[in-house]
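All remarks here apply to the structure that follows.
The values are calculated or read from the model by the stated rules, or taken from the named source; none is laboratory data. Just so it is clear, the model here is predicted, and its values are computed rather than measured. Here the Cβ positions follow ideal geometry from the backbone for every residue, glycine too, while neighbour counts run over all protein chains shown.
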Amino acid sequence: MTREELLTTCGAFLLDLDGTVYLSEKPIGNMLQTLERLRKMGKRIAFVTNASLHSDEVYRARLKEIGVFREGDFLYTSGTAALSLLRERYAGKRVCMLAVDEMKENFRRAGVNVVEEGAEVCLLAYDTSATFAKLKQFNECLQQGAVYLATHADLVCPTATLPQPDAGAFIALFKAASGREPDVVCGKPGAVIARLAARDMQLAPHEMCMVGDRLYTDIRFGNENGMRSLLVLTGEARRDNLHDHPDRPDLILPTFNDLLA
Ligand SMILES: [Mg+2]
């Protein structure tokens, strides 16, 4: 697929953040102008991240601060997706969360019945405050047969130095300890955010394009949910690790700015 075809057929661009829109929160190249030009062309812009440490308000404020988020844009985090799924399918159920206190509090405020024991649903988020006691308790809820949700399954989280373990690494730990894997992964590449975006923007999946730097989350998310997919080479993926990879994008560009070059 060519750049021109993507631009004419897609009414919305769903953008991953780290490695796609910015690096260490610094917008890549002339990203701000690229986004503004797309908005002027009538394209909807949505930011889609698997981050789940903070509330959507916190992430939205950060994006505004660095100038990438404008009124009328959309933001979906894996936390948004988890909350939406809990409301839709498990309303009123007792939910055990492996998550930082801030996220537990956000979910409580949003009406989720967060409990420590006797859970009917387990939600694994990215818990940077995890302790052995928390891991043991979550594992017990899993062994007692609760529905198992995960916000996302990214294995590592990029940092300025070495990558650190992300939610996917915790999933591997619980697979070893309980034999279980998540029944649903809420964020990319799961279907929840794709459904929310299609509903909010009133577009069919094939009229939306997912743009990202990671094959097993971003590109798979686009492909498995019937969207177009655009891989950018400003983050994790390199042209030489595309050979034989199951997640093939519709188009590859050096940066997202090259879409309008
Ligand atoms: Mg990324």
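Some notes on this structure:
- Among the residues of the stretch 207-225, the one identified as of a type in the set (Lys, Arg) and more than 10 Å from the ligand (Cβ to nearest atom) is Arg220.
- Strands (runs of 3 or more DSSP E) contained in the stretch 148-261 and holding at least 3 residues crowded, with 23+ Cβ neighbours inside 10 Å: 208-212, 228-232
- Residues that are within 16 Å of the ligand (Cβ to nearest atom) and among the hydrophobic types (A, V, I, L, M, F, W, C), drawn from the stretch 1-20: Phe13, Leu14, Leu15, Leu17
- Within the stretch 110-127, residues that are on the phi > 0 side of the Ramachandran plot reach partners that are part of a strand (DSSP E or B) with beta carbons closer than 9 Å, at six or more positions or on different chains, in the pairs Gly118/Arg94; Gly118/Cys96.
- Within the stretch 1-27, restricting attention to residues that are polar (S, T, N, Q) and not in a helix (DSSP H, G or I), the residue that is farthest from Leu259 (Cα to Cα) is Ser24.
- Of the numbered criteria (1) away from the ligand (no atom under 16 Å from the Cβ); (2) free of Cβ contacts under 8 Å to residues at least 40 places away in the same chain; (3) in contact with a strand residue (DSSP E or B) (Cβ under 9 Å, 6 or more places away or on another chain), the one Leu155 fails is (1).
- Gly29 vs. criteria assigned by TED's automatic domain parsing to the domain that holds Ile193 and touching a residue at least 40 places away in the same chain (Cβ under 8 Å): yes
- Tally, over the stretch 28-55, of residues that are within 22 Å of the chain's Cα centre (by Cα), more than 14 Å from the ligand (Cβ to nearest atom) and not in a helix (DSSP H, G or I): 8
- The lone exception for Leu23 - which of (1) among the aliphatic types (A, V, I, L, M); (2) crowded, with 17+ Cβ neighbours inside 10 Å; (3) within 16 Å of the ligand (Cβ to nearest atom) it fails: (2)
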